[in-house]
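Engineer: If you scroll down you'll find the structure; I have some questions about it.
The values are calculated or read from the model by the stated rules, or taken from the named source; none is laboratory data. This one's a predicted model, so the numbers in the text were calculated from it and none came from an experiment. Counting neighbours? That spans all protein chains shown, and the Cβs are built from the backbone with ideal geometry, glycine included. Ligands, DNA and RNA are excluded from the accessible area calculation, which covers all protein heavy atoms including side chains. Shrake-Rupley method; radii C 1.70, N 1.55, O 1.52, S 1.80 Å.
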Amino acid sequence: MRNGGVRGWRNSPEKIELTEEKKISRRRFAKYVGGAVVAAAAVAAGYGIYEATKPPPTPPTTTVAPPPPTTTVAPPTTATTRQLVEVLYPDVDDLGIPDPAIGFSIQDFGRLMRNTYDPLIEYDTSSPPEMIPALAEKWEVSQDGLTCDFHLRKGVTFHDGTEVTADAVVYSMDRLLTVNQGVAFLWAGVLDTDSTQATDKYTVRFNLKKKYAPFPSTLAFLYVVNPKVIEAHIDPTGPYGTKGDYATKWLSSGGDIGSLSGSGPYMLKEWVIGDHSRMERYEEYWRGWSKPNPLDVIIAQKVPEEATVRQIVQKGGAFHISPFRSTDFYKTLGKVPNVYLVKSPKPFSAHYFHFNTTKPPLDDVHVRRALSYAFDYDQFLNNIRAGLGDGQLIGPLPRAFWGHNDSIIPYTLDLDKAKAELQQSKYSSSKLKQMPIVFYYIEPIEFERLAGLLLASNGEKIGLNMSVQTIPWLKFGEGVTKPETSPDIVAVTHSAPHADPDGLLYPLFHSTDAHTWARDPSHWTDPQVDKLLDDARATSGQDERAEMYEKAQQIINDAAPAIFAMEQASIGAADTHIQGIVYNWEYTFYAAWRYYWQA
C-alpha cells in the first residue's frame, strides 16, 4: 500500500461509533445493494508495494479535500446491468491513485491501472504466473542483455480512438522516469529518460545502461498512456520543465473521466476522493472478454463496519470482501450457502516483523535471533490466522518463488535457544531490562496486534523489556526513512512487484541511502548480500542466478534483520454468482476484471 494510504482506526471494526459522515456513506452504499452486487477484496497495509528510490521533486500534488457528506453517488443502473461493488475497509483500503506515474499500491495497480490501461506484457492467471504478451506481441533481448526490442500489436486504440504506437510507449516511460514516483524505482540505474526509442511505428527499443536480467518482467508495470490526452491537461507551472506537471495533478485526482488516456477494458466514469469511484466496461476493448456475461459496472465504496457487510451478505447478491476483516468474519461467511472463500494456492507475499537494526539492543544479531526463537509461529498460524492458508516463511523468500533456498533451517519457538542467544549478546541481562523494545502494528490490523502480544509475552519470559503499540501507516512511512525515527519492530507484508526473486530480495535487503517502508526498512547492510544481489541481476542463466539467491537468503536468515513470520495467503469471500476470481501473485486481491463473469 502506498505511503500515506492508511489512516488507522483506534477501535476494532465492531466497536466503531458511526459519525454522521460514516452513516451517510453507509446509506450511499445501501443504494447499490440488490441485483448483481459484489464487494471486492482490498490489500493489507504495506502489502507488496514499492515506491521510488528518491523523493518526488515537489510536494505531492494528489491531495484533494474530501467531499462534503452530501455528495451524490452514481445513479442506479438498470436491472439487466451486471454490477460489481467493491466494499473497501477504511482506512486500510483506498480508492487508489489513477496515474501510472505516481501510484503503486494494490489499489492503484490492482483496481485502476490494470483495468483502465494496458502494459506491454502481463502475467497470466496460473500459479506461479507466467509472462504473456499484451500490447507487445513479441520481444527480443540482445545477447549482451543491454538492448530489448518490443513489437506492438497493430490497430490497438486508446479510448479516444488514437492508435497505441511506439511513440506512446516512449512517452509513457519518459514521463514515469521524469516524475520519479510509483514504479520508477524498478528502472533506477538501468534506464534514463533518453534510453527508450521508437525504431519504427510499432517497435520500441529499450537501451539499458547495465544488464538487468529481470527487465522484461518489470514491463508488466509500464502502463501506456495516451500522449495526446496527457499533453492537453498539463499544468505549465509544474516542476518538469517544458512538461510542466506532466498532467499529474489532473490525472491523479480522477480528472480523466472516460479514461481517454488509457486503452484498457474499463473506463473511469465517476471519482469522489475519499468516498467512491465508478467504472464502466469499454465495449470495444481490443482483447474482448474471457467469458460471456462480463461485468458492466464496477463501483468501489468504503464501508467500515463488519456488521454492515454482514447485512449485505444476508440480503443476498454477489460480493467479494476485503482481506482485513476479522478471522471470525471469514469463518462465518464460509458457512453461508451462497458464499465461497477465495484463497491463493501458493502465497507469494511475505509477512515480516522488521527490526530497526541500528538501534540498541536490536543492533545485536544475537538479540534479533533470540526474538526469532521467541516467536510462536504455530500459535500465530493455527490460531491467530486460523488456518487461512498461510505457511511459515522459511527464510526471507516465499517458497513459491524459483530460487528459494530449501535447505534453510527455519526459526521455531525455542525459549532455551533464545536465552542462549541472549547470553552471547554484547548487552548484559541487566542492561537488556533497561532497554524498552516496542512492537508496532499497523492500524487497524488485528492479527498483527495479536502477533505482537504473542511475541512480547515470550520476550518478557527471556528477559527483554517489551510492549505493543499501534502506529498509523502514514506515521510509519514517515518514520522509517531515518534510523533514529524508525520503529523498533514493525509488522509489514510485502510482495514482489514482478515474479522474480529480485523483486522481493533486492528492495528489502539490498542496502540503500533512500530508506522507505519498502526499501531496506530494517536499515540493514551486508556487503556480501549486496554483491550477490547485484551479480544476480547481471547474470542471464536462471540456474546461476538461483545459486546466488540461495546464498543471499542464507546470509539474511542468519543475520535475522526481521522475523520471517509467514507466507501470507490472499483471502476473500465471494458470492457464487461471480466467477473468474483468481488469487495468485499478479492477481492478489484484485484481478483483471475482464476475467470475471456473472454466472
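Engineer: With a cut-off of at least 1 residues that are modelled with pLDDT under 95, among the hydroxyl-bearing types (Ser, Thr, Tyr) and over 34 Å from the mean Cα position of the chain (by Cα), name the helices (runs of 4 or more DSSP H) lying wholly within the range 392-467.
Structural biologist: The helices (runs of 4 or more DSSP H) meeting that bar number zero.
Engineer: For the range 333-369, which positions are within 20 Å of residue 511 (Cα to Cα), open to solvent by 10 Å² or more (accessible area, probe 1.4 Å) and of a type in the set (A, V, I, L, M, F, W, C)?
Structural biologist: 365
Engineer: Restricting to the range 495-528, name every residue that is within 17 Å of residue 213 (Cβ to Cβ) and more than 15 Å from the chain's Cα centre (by Cα).
Structural biologist: 500, 501, 502, 505, 506, 510
Engineer: Could you run through the range 373-391 and say how many residues are of a type outside the set (A, V, I, L, M, F, W, C), assigned to a loop (DSSP other than H, G, I, E, B) and closer than 24 Å to residue 495 by Cβ?
Structural biologist: 4
Engineer: Restricting attention to strands (runs of 3 or more DSSP E) lying wholly within the range 112-179, give those where 2 or more residues are in contact with a Pro (Cβ under 8 Å, 6 or more places away or on another chain).
Structural biologist: Result: 121-123, 136-141.
Engineer: To continue, here is another question. If we keep just the residues of the range 473-493 that are in contact with a helix residue (DSSP H, G or I) (Cβ under 9 Å, 6 or more places away or on another chain) and among the small types (Gly, Ala, Ser), which is farthest from residue 363 (Cα to Cα)?
Structural biologist: Selected residue: 491.
Engineer: Here's another thing I want to ask about it. If you go through the range 386-404 one residue at a time, how many are buried (at least 22 other Cβ atoms within 10 Å of the Cβ) and of a type outside the set (Gly, Ala, Ser)?
Structural biologist: Residues meeting the conditions: 6.
Engineer: Sticking with this structure for a sec: What are the pairs with Cβ atoms under 8 angstrom where one residue, in the range 396-414, is acidic (Asp, Glu) and the other, located anywhere, is open to solvent by 50 Å² or more (accessible area, probe 1.4 Å)? Sequence gap at least six, or different chains.
Structural biologist: From the range 396-414, the pairs are 406/399.
Engineer: Looking at the range 338-358, is at least one residue over 13 Å from residue 489 (Cβ atoms), touching an Asp or Glu at 6+ places or on another chain (Cβ under 6 Å) and without any contact (Cβ under 8 Å) to a residue 60 or more places away in the chain?
Structural biologist: No: zero hits.
Engineer: Same structure, new question: For a quick check of your reading of the model, give me the residue pairs whose first member lies in the range 426-439 and is farther than 24 Å from residue 485 by Cβ and open to solvent by 30 Å² or more (accessible area, probe 1.4 Å), whose second is of a type in the set (Lys, Arg) and assigned to a helix (DSSP H, G or I), with beta-carbon atoms closer than 8 Å and at least 6 apart or on different chains.
Structural biologist: Qualifying pairs under 8 Å: none.
Engineer: Still on this model: Quick one: in the range 230-284, which of the residues that are in contact with a Lys or Arg (Cβ under 7 Å, 6 or more places away or on another chain) and of a type in the set (Ser, Thr, Tyr) is modelled with the highest pLDDT?
Structural biologist: Among those residues, the one meeting the criterion is 246.
Engineer: Which condition from (1) surrounded by 23 or more Cβ atoms within 10 Å (Cβ to Cβ); (2) modelled with pLDDT of 65 or more; (3) more than 25 Å from residue 577 (Cα to Cα); (4) touching a strand residue (DSSP E or B) at 6+ places or on another chain (Cβ under 8 Å) is the one that residue 97 breaks?
Structural biologist: Failed condition: (4).
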